[in-house]
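Step one of this worksheet: look at the structure below.
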Amino acid sequence: MKHSMNGEEMKLLRESELYMKTLCRDIPGRCVGSEGNREATRFFERVVRTHNWQVELQEFEAIDWEEQGATLQLGERSFEVLVGPYSLGCDVREELIPVSSIDELEKADIRGKIVFLHGDIAKEQIMPKNFIFYNPEEHKRIIAALEKGAPLAVIGATGRNSGVAGGVYPFPLIEDGDFDVPFAYMTDVEGEQLLRFAGREAALISRSRRIPGMGWNVIARKGTGTKDRIVVSAHIDAKKGTPGAIDNATGVTILILLAELLRSYEGEPPIELAAFNGEDYYAVPGQMLYIERMDGRFDEVALNINIDGAGYKEGRSAFSFYGLPAEMEHKVRNVMAGYDGIVEGVQWVQGDHSMFVQNGSPAIAVTSNWFSENMDDQKVTHTPADNLEIVDYTKLVEIAKALSEFIL
Ligand SMILES: [Zn+2]
């Protein structure tokens, strides 16, 4: 920040450290459908209520998932495999059929066999079958061919796909609780070795379980009416296996700081602080439910400000703009100019602001510039490395101050 912190900012700084610790350390994971996720949403609800916000809970069903490892054996040789997230388990022994392209997959006789996806067909994560926001034709063809072909199981060999799958290696080629062919995956390096066993009998055991559960969005409101409202959003869920500090406990913490800074707000325009639940979950249930409840009334949203990936220790915070009216954009830029640590960033689509932009509402996305610049090779997102160690708390206070100044 430009100046040394005043008393109010010091207080916000201490609070943000506390909220982050609660979300990332005290709560054991925030993936949708889990008890940790419900704890996180209850925590958010409780704190915003203390700052006099009206709260609506939008509840949905979502499965959680538990696994106890997988083994793959070909004759004497065993291979390292991981259980596909949200996959069904299996215990099968059948011929291994390698496939490296969609055409090959559509022609192959895979019924009752074990399909091995490697090379070109496994280069990027396949979108979940019911994911409506972005779903390339080739992805739909792969899923359709697998469901029609009815193999006993699918194995995928993958490298990195940071832009879509985060910093994990190997990345799960399929992550979809609505896809019912058992799936396991391995590194591309291990896959090279497996290729030599094409046509041989493979024994795959995967111990995996889907657990029915619940989750909800928490929508906090202030002000009069619903027209021309400002929706400030951050997804509260995290991927399994990560504390989700930058993705996206920092976003939720900024929402809470805003709840405090705007605690006396009344009148127009109305303001919504939305903790969405499902951005990092295959079925994006919170976002789907929010859209359903909007019932086409996105024209009532004057602006969405979505925070995702903010507060990374290196670089500055980035605000990017999507279809803002000229006067509004001018005002935002004026406010930004007063904050050293905030710059304009490039547009990106992998966040909840896209839901608003696709429905015709203007939006601002708030993130860390470092992530935009290292999108394709960063090894942080969705991994254990996304923890409290990499957070700069002063950036959270700065973003909250800038946003409240603009809103007020
Ligand atoms: Zn995120």
Looking for something surrounded by 15 or more Cβ atoms within 10 Å (Cβ to Cβ), at pLDDT 95 or above, part of a strand (DSSP E or B) and assigned by TED's automatic domain parsing to the domain that holds Asp237 - is there at least one such residue anywhere in the stretch 322-331?
yes
Filter result for Asp26 (crowded, with 19+ Cβ neighbours inside 10 Å, among the charged types (D, E, K, R) and modelled with pLDDT of 95 or more):
no
Kindly indicate which of Ala302, Ala310 is modelled with pLDDT of 95 or more and within 15 Å of the ligand (Cβ to nearest atom).
Ala310
Only one of these is open to solvent by 20 Å² or more (accessible area, probe 1.4 Å), hydroxyl-bearing (Ser, Thr, Tyr) and farther than 23 Å from Ala385 by Cβ: Tyr290, Tyr265. Name it.
Tyr265
Note on Thr22: of the conditions (1) farther than 28 Å from Lys240 by Cβ; (2) among the β-branched types (Val, Ile, Thr); (3) under 24 Å from the mean Cα position of the chain (by Cα), unmet is (1)
Examine the stretch 190-207 for a residue that is part of a strand (DSSP E or B), exposed (fewer than 15 other Cβ atoms within 10 Å of the Cβ) and touching a residue at least 60 places away in the same chain (Cβ under 8 Å), and state whether such a residue exists.
yes
Is there any pair linking a residue in the stretch 308-321 that is touching a residue at least 12 places away in the same chain (Cβ under 8 Å) to one that is among the aromatic types (Phe, Trp, Tyr) and within 16 Å of the ligand (Cβ to nearest atom), with Cβ under 8 Å and at least six apart or on different chains, and which?
Gly309/Phe371; Tyr312/Trp370; Tyr312/Phe371; Glu314/Trp370; Gly315/Trp370; Ser320/Trp348
Just give me the residues in the stretch 9-64 being of a type in the set (A, V, I, L, M) and assigned to a loop (DSSP other than H, G, I, E, B), in sequence order.
Ile27, Val32
Filtering the stretch 133-174 for residues that are surrounded by fewer than 19 Cβ atoms within 10 Å (Cβ to Cβ), among the hydrophobic types (A, V, I, L, M, F, W, C), over 18 Å from Pro85 (Cβ atoms) and in contact (Cβ under 8 Å) with a residue 24 or more places away in the chain leaves a count of 2
Subset of the stretch 202-255, residues out of contact with any Pro (no Cβ under 8 Å at 6 or more places or on another chain), of a type outside the set (A, V, I, L, M, F, W, C) and either more than 16 Å from the ligand (Cβ to nearest atom) or farther than 19 Å from Tyr19 by Cα (or both), comes to Arg207, Arg209, Arg210, Pro212, Gly213
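The values are calculated or read from the model by the stated rules, or taken from the named source; none is laboratory data. On a predicted model such as this, the values are computed, not experimentally measured, just so you know. Backbone-built Cβ (ideal geometry, glycine too); neighbour counts: all protein chains shown. Accessible surface areas use protein heavy atoms only, side chains included; no ligands, DNA or RNA. Shrake-Rupley method; radii C 1.70, N 1.55, O 1.52, S 1.80 Å.
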